[in-house]
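The values are calculated or read from the model by the stated rules, or taken from the named source; none is laboratory data. In this text, all values refer to a predicted model and were calculated from it rather than measured experimentally. Here the Cβ positions follow ideal geometry from the backbone for every residue, glycine too, while neighbour counts run over all protein chains shown.
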Amino acid sequence: MTDTTHNTHSDVLAGSGLTLAKALPWLIASAFLLVMPFVFTSNSAITIMNQMAITIIFALSYNMLLGQGGMLSFGHAVYMGVGGFLCVHIMNWDQFFGTLPLPVLPIFGGLFGMGLALIVGSFSTRRAGTVFAMISLGVGELIAACSVIIVVFFGGEEGISGDRTYGLPFFGIEFLQQIEVYYLTAFWLVLSALGMFLFSRTPVGRMANAVRDNPERAEFLGYSARWVRFYSFVASGFFAGIAGGLFAINYEILTEENLNLATSGSILLVTFLGGVGFFFGPVIGAIVFTLLQTVLSLQTELWALYVGALFVATVMFFPGGLAGVLMMHTPPLVLGKLHLLVKPYIKTLLPAAICILATAGFIEILFHARHAAIGDDQMTLFWMTFSHANPVPWIAFGAVALGGFWLARRNAPELVETWHEANTDTGARP
Amino acid sequence: MDLVLVNLIDGLVTGLLLFMLSAGLTLIFSMMGVLNFAHASFYMLGAYFAYQISIFLGFWMGLLIAPLVVGVIGAGVERYGLRRVHQYGHVPELIFTFGLALLIEEVVQFIWGKDQMPYEIPGILEGAAFAIAGNTIPLYKVFMIFLSLLIFGGLLYVLTKTRVGMIIQAALSYPKTVEALGHNVPLVFMGVFGVGTALAGVAGVIAGPVLSTFPGMAVVLGSIVFVTIVIGGLGSLFGALVASLIIGWLTTFAKAYDVRMEDILTGIGFTKPDPIWDSAWQDLWTLTSPQIADILPYLLMVLILIFRPYGLFGKRDA
Amino acid sequence: MRKTTRFGLGAVLATVLSAGAGYADTIKIAFIDPLSGPFASTGTNGLHQYEFAAEELVNKKGGVLDGDTFEVVGFDNKISPKESLIQLQVAIDQGIRYIVQGNSSGVANALTDAIEKHNRRNPDDRVLFLNYSAVDPALTNDKCNFWHFRFDANADIKMDALTDIIAEDDSITKVYVIGQDYSFGKAVSAAASRFLGEKRPDIEIVGNELHPIGKVKDFTPYSRKIVSSGADVIITGNWGADMLNLGKSVIENGFEGPIYTYYAAADGITAAFGEQGKDKLRLVTEGQTNPPPTDTAAAYIEAFKAKYPDGNMSQTRITNVIEMLAKAIDQAGTATDVVAVAEALEGMEHETMWGGTLYMRPEDHQLIQDVLITVHTDEDIQFDLDNSGYGQHLESRVEMAGKDSPTTCKMRRP
């Protein structure tokens, strides 16, 4: 939700000193976060926005490893999880929690996540690549398994719960309502995103990029690739722990789910979907994924199928993720030729979108025909109600899908051509 | 003592099944340098296809046809998916197979639903082969052992004694040179990928009836297969065999014998806190080996990676 | 580009989430259970049973109050506690006052906790939690609260009934207890030891063990131990693939005695066991289907099977939830004041179509009902499961099981 889109501009213009151009996206993002609850007032919308904010922090911290450090982790959930578990334990520790204002709590989660990252990182960051990935998988699986065995800390399968309102009131706020929690989360979101952004601009952050791209050369320059990876890993663990602390405040419960491989896998999905190449990529990924998970799943049982297909298509065709697709438009924008693309986009992408929707519709009818109750052949799709026994919708959706595909395919060369044109600098016009 | 022998046989069955999966995976790794996260999904596809075929044509036709279908699908994935992603580098490749695993699971659920499939072992293989001190060894397990040994033998023969095998081995190490000699290396890659996934398919066909055929079967076995080839050493067929057997026996014996943490701790001189349920260490004291049997391989892997990053028999650094 | 994204997001959020409670004449019930993922078949089947029960038992009979009808709305929680809490919030925002959930005690724990906090913090839109399947004893003991009602017999009550049956059989001298390593598995194991120790101290528990949940690929080593221990009886709380694989494995390795289970039926398990499990598998359950206890019940199952040929009438207690809720709303004279409805539910007695009387115990909101032992067989089965020809046939019945069972619940009423 934070519109850090402009960061790449400041990336391009990497100068020194704080300029308005650099601070502007952050100010816009903060203002945006302030206004959001006035647009979406219902509690569930705020709950979903909280979930988004937590996922954004978590995904950004994951991208410190994957995007900036080139380390593929299959067990990142554990750092967020243990941070969250610790925060719930603090909530249940009455004497201490009674003297602690709630907004400070995520720090403890962060420190604990960092502590675990220190231990694991000491051996896992010695190498990158497959060895790192497999150690992260092994450690992730071990800690997830421990969560049901070590009941004292992890509370077994039902997890542990606390009550955030027992903390020291913060300027009279007891955090009884979701909206209060929202502003707390938003505050931490801006703070952590800024922290992670600034980290990526420190020498260590820059060296992480170098080590990702060419560890040998970095070593020749006198940097220890291992230590550079280690610092990134520890910092990433800290921010993951912060996300865990916010999770604890938001849901007041942590369970085995916060540690397991499915959660670790889905954050990989989120980050990659958003785009690992840009700082704001995971932000987009987190927003899109949370919406798909909470809103699309209310609409269709097959949401996971669509998400899976979307993910595979992203990896195959847009390895830069959604952010990569957005940023592809920077050169035409700079050249002032973005308007050239509008028409071919409409001519190609509109039929393509219709084709995809119609295919999804066809799959839905097929699914309904296979699994619905006898006599319950009525289904509603795209605001139309019809019977799956009726061949017309089948044919209609099939035909629309094929037609859209044909049209998109026919117009694709034109798009490619215009794309090249829009990206070619034909010299400055008067 | 008799029980030791029985457990050895049980562990062998588990190990060999694991080997059939890891053999294909390690072949694919040595070829493309990428871990195929969707490997266990091909195993699942094998089981489902075989179940579907066995309804119409019986178990044996399933055993014959299903792996072929899986192999063709695998080759298609290499040709139209992986080869495309290959240009972006190793991490996107890995992520692609990861996404593919999710997608295959969803597709399987879409087609066959979420329930267990009543996929049964054929009548001729039902019943016990022999018994050791009252513990029966089912005939089907003996069949599994022989089939996997047969496949291992065949694989070894093809790779080391035939011309095709020579080309494959050469293509693994020096793809450019082999290409310059006029061989179609992309085709070899596609073929190896197809064969690797077909092997996973075979494992699925024969494991489906005993380990049950359900949408979660890939996830249950998924990560343990990587653990196997990482322990054995990436790219080493022999290492995969040894690691599979180690894991098979390790988990079987850990389940079969109740080694209690309490005994170990008392043995080295600690006293059990009393009452135990008030102690912060209660979970440690009550730990038993069957509780942690199936996570021991992960522990083993992490330890091996720390002290010997290229695995037991691996030549190249992972 | 960004502007469009934001705008689209706004539209989606607004349409989906702000659908207010504008329907005065429908009483919505939120069904929060897995509708996608590995447990979706259980969840979907449960949703069908709810929709069917609401339609047949309430709406077709003229509804409640002045003709208000029930509407069951499905929310997919993907069996995740986190998702359940999000969906709970969405449901509350839609003006829903009644939450039903059953799969996974972990989710139930998260929900009961969240609902208790929500009702405390938002006295204006309180909700009730009708738990139809989560059997963790803690929910009606240490973690009980006024808003939670449990319609299934809890794990302890079921074990109490089961051990009554075992205790009567003098030929049983050795029992093996095995379960999944988590709260429910541990509760079953502890209850088994406790009740057997009280009722038949001479019975030896030859094995009491836990295995990792959902991670065991091959149960052979466990079955070897079970068989060589000479156990007469196995008791297990396993469910899903762990239940199927354990059961198949012990039978294949030559175990002859009965296997007492909590969840070895329906959702593909009955079909997958088939002939192999005949007369071996037994279930501790409520709600008799074979033979059907009443004509109403038989007609009800037939109507359900006519509508959902692939479905199972596996959770008969769902009709109890719907009937008792309807009765409570009528008694309270309101559907919006959930405190009044909860008070009407407390202590309610109800004749169920599945035979026997139900009693909602006010002390802990645990429904007291008959607990049955049924056997997996294909003989004399009128209503099978999974369309396999096999079903659960009544073997013995413990009336009003656990009526005097102790509870540690200290109910705080509003």
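Can you tell which of A:L298, A:L292, A:L246 is closer than 30 Å to B:I104 by Cβ, away from chain B (no Cβ under 14 Å) and assigned to a helix (DSSP H, G or I)?
On inspection, the qualifying residue turns out to be A:L298.
Pull up the range C:293-304, narrow it to residues that are more than 14 Å from every other protein chain (Cβ to nearest Cβ) and not hydroxyl-bearing (S, T, Y), then point me to the one that is surrounded by the most Cβ atoms within 10 Å (Cβ to Cβ).
It comes out as C:A297.
If I go through the range C:52-88 residue by residue, how many of them are charged (D, E, K, R), surrounded by 24 or more Cβ atoms within 10 Å (Cβ to Cβ) and at pLDDT 90 or above?
The qualifying residues number 0.
Within the range C:122-138, does at least one residue satisfy the condition of being closer than 30 Å to C:G185 by Cβ and assigned to a helix (DSSP H, G or I)?
Yes, the range C:122-138 contains a residue that is closer than 30 Å to C:G185 by Cβ and assigned to a helix (DSSP H, G or I).
Select from the range A:348-398 the residues that are of a type in the set (G, A, S), within 14 Å of another protein chain (Cβ to nearest Cβ) and under 30 Å from A:R409 (Cβ atoms) and list them in ascending order.
A:A353, A:A360, A:A369
Give me the pairs: first residue in the range A:309-324 and at the interface with chain B (Cβ under 8 Å from one of its Cβ atoms), second residue basic (K, R), beta-carbon distance under 6 Å, and six or more apart or on different chains, which are they?
A:M316/B:R84
Among the residues that make up the range A:349-363, is at least one of them more than 30 Å from A:Q378 (Cα to Cα) and aromatic (F, W, Y)?
There is no residue in the range A:349-363 that is more than 30 Å from A:Q378 (Cα to Cα) and aromatic (F, W, Y).
From B:A133, B:A200, grab the single residue that is in contact with a Leu (Cβ under 6 Å, 6 or more places away or on another chain) and touching a residue at least 60 places away in the same chain (Cβ under 8 Å).
None of the other options fit; the residue is B:A200.
Quick one: which residue in A:V315, A:V392, A:V416 is farther than 28 Å from C:G46 by Cα, in the same structural domain as A:G67 (by TED's automatic domain parsing) and assigned to a helix (DSSP H, G or I)?
A:V315
Taking into account only those residues within the range C:308-321 that are in a helix (DSSP H, G or I) and touching a strand residue (DSSP E or B) at 6+ places or on another chain (Cβ under 9 Å), which is farthest from C:G43 (Cα to Cα)?
That would be C:N320.
Which of the numbered conditions does B:V34 fail, given that it passes all the others? Conditions: (1) assigned to a helix (DSSP H, G or I); (2) surrounded by fewer than 22 Cβ atoms within 10 Å (Cβ to Cβ).
Looking at each condition in turn, B:V34 falls short on (1).
Any chance the range B:4-12 includes a residue that's closer than 25 Å to B:S244 by Cβ, at pLDDT 90 or above and surrounded by 24 or more Cβ atoms within 10 Å (Cβ to Cβ)?
Yes, there is a match, as at least one residue in the range B:4-12 is closer than 25 Å to B:S244 by Cβ, at pLDDT 90 or above and surrounded by 24 or more Cβ atoms within 10 Å (Cβ to Cβ).
So that you can scan it fast, the table gives a plain yes or no per residue for (1) away from chain C (no Cβ under 13 Å); (2) at negative phi; (3) part of a helix (DSSP H, G or I):
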| site | (1), (2), (3) |
| --- | --- |
| A:G75 | yes, yes, no |
| A:F85 | yes, yes, yes |
| A:L105 | yes, yes, yes |
| A:G115 | yes, yes, yes |
| A:L118 | yes, yes, yes |
| A:T130 | yes, yes, yes |
| A:M134 | yes, yes, yes |
| A:I143 | yes, yes, yes |
| A:E157 | no, yes, yes |
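Could you name every one of the helices (runs of 4 or more DSSP H) located completely within the range B:179-267 that has at least 3 residues being buried (at least 24 other Cβ atoms within 10 Å of the Cβ)?
Once the helices (runs of 4 or more DSSP H) in the range B:179-267 are filtered for at least 3 residues that are buried (at least 24 other Cβ atoms within 10 Å of the Cβ), what remains is B:185-211, B:217-232, B:237-256.
Anything in the range B:37-81 that is crowded, with 24+ Cβ neighbours inside 10 Å, in a helix (DSSP H, G or I) and hydrophobic (A, V, I, L, M, F, W, C)? List them, or say none.
Matches in the range B:37-81: B:A40, B:F42, B:M44, B:L45, B:A47, B:A50, B:A66, B:V70.
Does B:L94 satisfy the criteria of being within 30 Å of A:L66 (Cα to Cα) and modelled with pLDDT under 90?
yes
For residues that are surrounded by 18 or more Cβ atoms within 10 Å (Cβ to Cβ) and within 14 Å of chain A (Cβ to nearest Cβ), scanning just the range C:187-213, find the one that is nearest to B:M217 (Cα to Cα).
Filtering the range C:187-213 for residues that are surrounded by 18 or more Cβ atoms within 10 Å (Cβ to Cβ) and within 14 Å of chain A (Cβ to nearest Cβ), the one nearest to B:M217 (Cα to Cα) comes out as C:I213.
Return the residues of the range C:278-292 that are out of contact with any Phe, Trp or Tyr (no Cβ under 6 Å at 6 or more places or on another chain), crowded, with 23+ Cβ neighbours inside 10 Å and modelled with pLDDT under 90; say none if nothing qualifies.
Within the range C:278-292, C:E286 is the sole residue that qualifies.
Just to be sure I understand, how many residues within the range A:165-186 are within 21 Å of C:E116 (Cα to Cα), more than 9 Å from every other protein chain (Cβ to nearest Cβ) and part of a helix (DSSP H, G or I)?
So the count comes out to 5.
Return the residue satisfying two criteria in turn: it lies in the range A:27-55 and is away from chain C (no Cβ under 14 Å) and in contact (Cβ under 8 Å) with a residue 12 or more places away in the chain, and of such residues it is farthest from A:M196 (Cα to Cα).
Checked the range A:27-55; the qualifying residue farthest from A:M196 (Cα to Cα) is A:L34.
Can you tell which of C:M324, C:M360, C:M353 is assigned by TED's automatic domain parsing to the domain that holds C:E55 and assigned to a loop (DSSP other than H, G, I, E, B)?
C:M353
When you scan the range C:54-85, how many residues do you find that are within 14 Å of chain A (Cβ to nearest Cβ), among the charged types (D, E, K, R) and in contact with a strand residue (DSSP E or B) (Cβ under 9 Å, 6 or more places away or on another chain)?
Here the count works out to 4.
Output the qualifying pairs, or none if there are none: Cβ atoms under 9 angstrom, residues six or more apart or on different chains, first residue in the range B:174-189 and closer than 19 Å to B:F29 by Cβ and free of Cβ contacts under 8 Å to residues at least 40 places away in the same chain, second residue of a type in the set (D, E, K, R) and surrounded by 12 or more Cβ atoms within 10 Å (Cβ to Cβ).
B:V185/B:E179
Do you know which residues across the range C:368-384 are touching a His at 6+ places or on another chain (Cβ under 9 Å) and not in a loop (DSSP other than H, G, I, E, B)?
If the condition is that a residue be touching a His at 6+ places or on another chain (Cβ under 9 Å) and not in a loop (DSSP other than H, G, I, E, B), then C:T374, C:V375, C:H376, C:T377 are the ones that fit.
Which condition number does A:W303 fail, the rest of (1) under 28 Å from A:L65 (Cα atoms); (2) buried (at least 16 other Cβ atoms within 10 Å of the Cβ); (3) not aliphatic (A, V, I, L, M) being met?
Evaluating A:W303 over (1) under 28 Å from A:L65 (Cα atoms); (2) buried (at least 16 other Cβ atoms within 10 Å of the Cβ); (3) not aliphatic (A, V, I, L, M) leaves (1) as the failure.
Does the range B:297-307 contain any residue that is hydroxyl-bearing (S, T, Y), within 11 Å of chain C (Cβ to nearest Cβ), within 22 Å of the chain's Cα centre (by Cα) and assigned to a helix (DSSP H, G or I)?
yes
So which residues in the range A:154-172 are under 28 Å from the mean Cα position of the chain (by Cα) and not acidic (D, E)?
Hits for the range A:154-172 are A:F154, A:G155, A:G156, A:G159, A:I160, A:S161, A:G162, A:R164.
Consider C:K143 against the criteria (1) part of a loop (DSSP other than H, G, I, E, B); (2) under 19 Å from the mean Cα position of the chain (by Cα); (3) in contact (Cβ under 8 Å) with a residue 60 or more places away in the chain: it satisfies all of them except one. Which criterion is unmet?
For C:K143, the failing item is (3).
Just wondering, is there one or more residues in the range C:32-39 that are modelled with pLDDT of 90 or more and more than 8 Å from every other protein chain (Cβ to nearest Cβ)?
Yes, because at least one residue in the range C:32-39 is modelled with pLDDT of 90 or more and more than 8 Å from every other protein chain (Cβ to nearest Cβ).
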